[in-house]
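Beneath this line is the structure, given in structure tokens, with notes to follow.
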Number of protein chains: 2
Amino acid sequence: MSVKQQFINYVKKIQNYQEALSVIYWDMRTGAPKKGLAQRAEVVGTLSAEVFALETSEELGRLLEEISKEEMDFVTKRLYEEVKKSYDESKKIPADEYKEYVILQSKAEAVWEEAKEKADFQLFLPYLKQIIEYQKKFVQYWGIKNGSAYNTLLDKYEPEMTTDILDRVFGQLRETIVPLVKAINESPNKPDTSILFKHFPKEGQRAASLEILEQLGYDFEAGRLDETVHPFMIGLNSGDIRVTTKYDENDFRSAIFGTIHECGHALYEQNIDPKLNGLPLSTGTSMGIHESQSLFYENFIGRNEEFWKHNFKLLQKYSPQQFGDVAVEDFLQAINYVEPSFIRIEADELTYPLHIMIRYEIERELFDGDLQAEDLPKVWNDKYEAYLGIRPKNDAEGVLQDMHWSGGSFGYFPSYALGYMYAAQWKAAMDKDIPNFDELCAEGNLQPIREWLTERVHQYGALKKPFELLQEGTGEGLNAAYLANYLKEKYTKLYQL
Amino acid sequence: MSVKQQFINYVKKIQNYQEALSVIYWDMRTGAPKKGLAQRAEVVGTLSAEVFALETSEELGRLLEEISKEEMDFVTKRLYEEVKKSYDESKKIPADEYKEYVILQSKAEAVWEEAKEKADFQLFLPYLKQIIEYQKKFVQYWGIKNGSAYNTLLDKYEPEMTTDILDRVFGQLRETIVPLVKAINESPNKPDTSILFKHFPKEGQRAASLEILEQLGYDFEAGRLDETVHPFMIGLNSGDIRVTTKYDENDFRSAIFGTIHECGHALYEQNIDPKLNGLPLSTGTSMGIHESQSLFYENFIGRNEEFWKHNFKLLQKYSPQQFGDVAVEDFLQAINYVEPSFIRIEADELTYPLHIMIRYEIERELFDGDLQAEDLPKVWNDKYEAYLGIRPKNDAEGVLQDMHWSGGSFGYFPSYALGYMYAAQWKAAMDKDIPNFDELCAEGNLQPIREWLTERVHQYGALKKPFELLQEGTGEGLNAAYLANYLKEKYTKLYQL
């Protein structure tokens, strides 16, 4: 057997284990009976240990070594690069240290949960300090990028992203968003949001979600919709891309906008070139690009005026008491309501990027500056006051709200805002090719939009890196102006500023 | 680490892989999107190969060897016996032959499906012949039991079962059933079964199924109910025992009686001693004993007069147009309707054992006599005529109806009838301890019944063998008289013979 074939078979075997783990993960989060979970964790442990052994084996080391000496076709080369990157990431950390870290991580997650419940940062602090210490050590093993430890962490989630780029684009966004938020706060125009919180029966929410998924182009022969507590999309393999949602009978938005969001992720993975099936390249190329697809659908389609002029009748059908007498214009005002708030995941479209910038600045200072973990609550609250004009009353609605740091995921947060900027940039490029975008939304004919994204983004999976996709798909590098302009135009009009 | 601990860890690791495969299997049969199935089969292949490697490894051989020299506690000893049995079963067959056989098996299953569709036995015949040849060779490797090759096959599904015992008990049953069926056929009393086939909405069937599961004592924190095409119960681990059912809107019986049947299986596995969790002993001790639990619930509770006097209102609630004006007595006559028919899985309670006897006699002659595969259609049809008074018009409703032989599962069929005999024997023993059985059914208070079964059967899992359980739980060995008497009494009364 050729080295290439051996290498591909080996990688596919790892992928098969990962797929088994994904089925188990999906099951655990969509209704697995609770009395079976402890034993199921043993199963996850057994399979994960096998994956780790396969990913760091001498055999894989030898295959990587041998194949690197050969001429490789494009797909094999990208496969090699991806596998080599994660192999190095695992191998460079001494096995003992990594084991200690995994144990610390699982303790830290449990303590974080308790600390959040009790709004007690001091409880979490000693664990957080250790997590940060380990991450700093790991960065040393992996190697500092262009003089910045934080760059090394960014690269894990968004290849080639740097603090230089982020400082620039976030600065630009801040200059647009902060004054806009201030103007809206001072504006006398306040939409009536009470219509959002009336009773919408769960079965109706499910039926509406299914109809919307269908309209967005979700392929039900390659996926399914289930209920969960914290919604997610999961790609098991290229023919099995599942979405989940949450039905809150007193706030339909979590189901409807959540489903549209997860559908954006799912359309990405359902439309990757089938030749990548079974390989680790059959996935999104980065967290940010993935998020660009979910946010494109959630914001640029799901909050589009024409989209709702076409679809409002759906909500009226499934919740007539709530929406029967409501004008679609009032509905649009309500779903686009802006108000500074404490919790990132509940934030509106305009203030959301500010939540991300705050976290980014803190993380950068932790790794490249001299910010200490003990100072986090104060710094956090100061920044909320400076950017959003509100100050958290306690750490549960402040620095303890997100679980990311307890898992050591420093460098992850920027992806959310990057996804948003990428999405606006795709939209601007799409407008040149599809000038009748609004008309298509008005007709419920979203196929040309999905096809455009498949051609520029989806099909490549992880074959191209984020900046390559962006450059080739929009003709330029990351440009925050598109998002800034979109927000300025939209909210100036909505609030008649 | 002690040899015992090493052995237990090793066995638990295999069990963890099996559990992962079970999650995947359940998922594939309860709604996994079809476009993902081909790649999912690769995952099953990878994990199954690993299980086979673990089950036949030199390491396991060494552990079995070492532990056999030690003093073992009762649980470890039974664990050793079970693992050793399957280890020997796999190891005694030369690896090459086994591999050829697995390939043949998967081809044979596909050809059987086609042959059944076309009602063309000749298509299937060459594959069936080979399957039988392999099974005969395997029996030679495993060793003939008491001069009978078929005994060796029986023992795989029902430990210690022999043709001598089956000839005796089946003979006894036949003497009761055949004349009863004849008398019923000639009886002028024919119940009106048309009420069974009216429209019963799926959602109502699901709601009724859930209420009945609750009443039977199914633990929803350790299980769930899902929809499928061919219903089954699956034990993932002792805290996760799932049931599935099928909703036919024109015949509610498949959902209601099917759910009760699968619930009987599930109650067995939900009530095994938790100390066996994670071990291969945390399962039913044999196919027959497992079936005794499902059939106990399906027939001795699910067809009990008092059970329906209590529960008929449920069906009336969820299908008022169908049952609103029906008297429970007429309902009972209808669900106990007897009529000889061709298809085993659609047979009524009284004629069902005849379907099994026919298959048993054929299998015994194939392995211990000189029956040839080419003669099967004629022998099959002759036996249906002799036992049931009807002759299949073609092989699809005759010899090709069951998939068991295409998979090489010779020796499996008797378990179904054994389960039925065991169930009647448990019922007779239970009557001594719970003389108010009918009253409990009338009150919907089934807990004492479930507890009795847990005490005598469930808790032991595979710790005790079938005959041990039966002897200790009923005070005697297998006795067909209990089933014969039950059937005679019930149907003489129902049909006023």
Here the percent of antiparallel bridges among DSSP beta bridges lying wholly in chain B, to the nearest 5, is 60 percent
So how tilted is helix A:253-270 from the main axis of chain A? Cα-based, degrees 0 to 90, rounded to 10.
-> 40 degrees
Per residue of B:38-51, count partner chain C-beta atoms within 10 Å of its C-beta, then hand back the mean as an integer.
-> 5
Take the eigenvalues of the Cα gyration tensor for the stretch B:451-492, scale each by 5, and report the square roots as semi-axes in whole Å, largest first.
-> 25, 12, 7
Computed lengthening from residue B:382 to residue B:493, 0.36 nm per intervening residue step minus Cα-Cα distance | 36.9 nm
Helix A:414-433 sits at what angle to the longest principal axis of chain A, using alpha carbons and giving 0 to 90 degrees rounded to 10?
-> 60 degrees
Paramagnetic label zone (point 7 Å from Cα along Cα-to-C-beta, residue B:141; backbone N under 16 Å) in the stretch B:81-97 = B:85-97
Counting only DSSP beta bridges fully inside the protein assembly as shown, the antiparallel percentage to nearest 5 is 60 percent
Cβ-based exposure ranking for A:483, B:276, in which fewest neighbours within 10 Å come first | B:276, A:483
Positive-end residue, the stretch A:3-91 charge dipole about Cα centroid, Cβ charges, pick of A:44, A:83, A:9 = A:44
Ellipticity estimate at 222 nm from DSSP helix runs (n ≥ 4, -39,500 (n - 2.57)) divided over chain B, nearest 500 | -20500 deg cm²/dmol
Sorted largest first, the C-alpha extents of chain A along its principal axes in whole angstrom are 67, 52, 50
Can you give me the Cα centroid spacing of the stretch A:5-68 and the stretch A:155-195 in angstrom?
-> 39 Å
Mind listing which trypsin sites (Lys or Arg not before Pro) in the stretch A:12-120 are in a DSSP loop and have 11 or fewer other Cβ atoms within 10 Å?
-> A:69
Straight-line reach check, residue B:317, cutoff 28 Å on alpha carbons, 8 or more apart in-chain or any other chain, hits among lysines -> A:202, A:317, B:190, B:198, B:202, B:246, B:309
Sorting from shortest, the nanometre distances separating the label point of residue B:330 (7 Å past Cα along the line to Cβ) from those of the same residue in the other copies are 5.4
Length-normalised contact order of the stretch B:141-497, Cα under 8 Å, at least 6 apart, in percent, tallies to 25 percent
Using a label point 7 angstrom from Cα along Cα-to-C-beta, what distances in nm, from shortest up, separate residue A:90 from the other copies?
-> 2.4
Report ³J(HN,Hα) in whole Hz for each residue of the stretch A:133-143, in order, from the Karplus equation J = 6.51 cos²θ - 1.76 cosθ + 1.60 where θ = phi - 60°; Gly and Pro get x.
-> 4, 4, 4, 5, 5, 4, 4, 4, 5, 6, x
Could you tell me how many degrees, from 0 to 90 and to the nearest 10, lie between the Cα long axis of helix B:74-91 and the main elongation axis, the longest principal axis, of the Cα atoms of chain B?
-> 80 degrees
Residue B:455 label points, 7 Å along Cα→Cβ, one per copy: pairwise distances from this copy to the rest in nm, shortest first?
-> 7.5
Here P(r) for the protein assembly as shown, Cα-Cα distances in 20 Å bins, as whole percents, is 11, 37, 32, 17, 2
Starting at the first residue of the stretch B:333-347, write each ³J(HN,Hα) from the Karplus equation 6.51 cos²θ - 1.76 cosθ + 1.60 with θ = phi - 60°, in whole Hz, x for Gly and Pro.
-> 4, 5, 6, 9, 4, 10, 7, x, 8, 7, 9, 3, 6, 9, 6
Check residue A:145: other-chain or 5+ apart residues with amide H under 5 Å from its amide H, H built from backbone geometry?
-> A:151, A:152
Rh (Kirkwood, all Cα-Cα pairs) for the stretch B:368-497, Å, reads 18.1 Å
The ³J(HN,Hα) series, computed from each phi in the stretch A:33-48 with the Karplus coefficients 6.51, -1.76 and 1.60 at θ = phi - 60°, rounded to the nearest Hz and given as x for glycine or proline, is x, 5, 5, x, 5, 5, 5, 4, 4, 5, 5, 4, x, 4, 5, 5
Separation in nanometres of the label points that stand 7 Å from Cα toward Cβ, at residue B:187 and residue B:69 | 6.6 nm
Return P(r) of the stretch A:53-207 (all Cα-Cα pairs; 10 Å bins starting at 0; whole %; ordered from short to long distances).
-> 8, 19, 22, 24, 17, 8, 2
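Laboratory data are not the source of any read-out in this text; all were calculated from the coordinates shown. Quantities reported herein were computed from a predicted structural model and do not represent experimental measurements. Methodologically, a virtual Cβ is constructed for each residue, glycine included, from the backbone with ideal geometry; neighbour enumeration extends over all protein chains shown.
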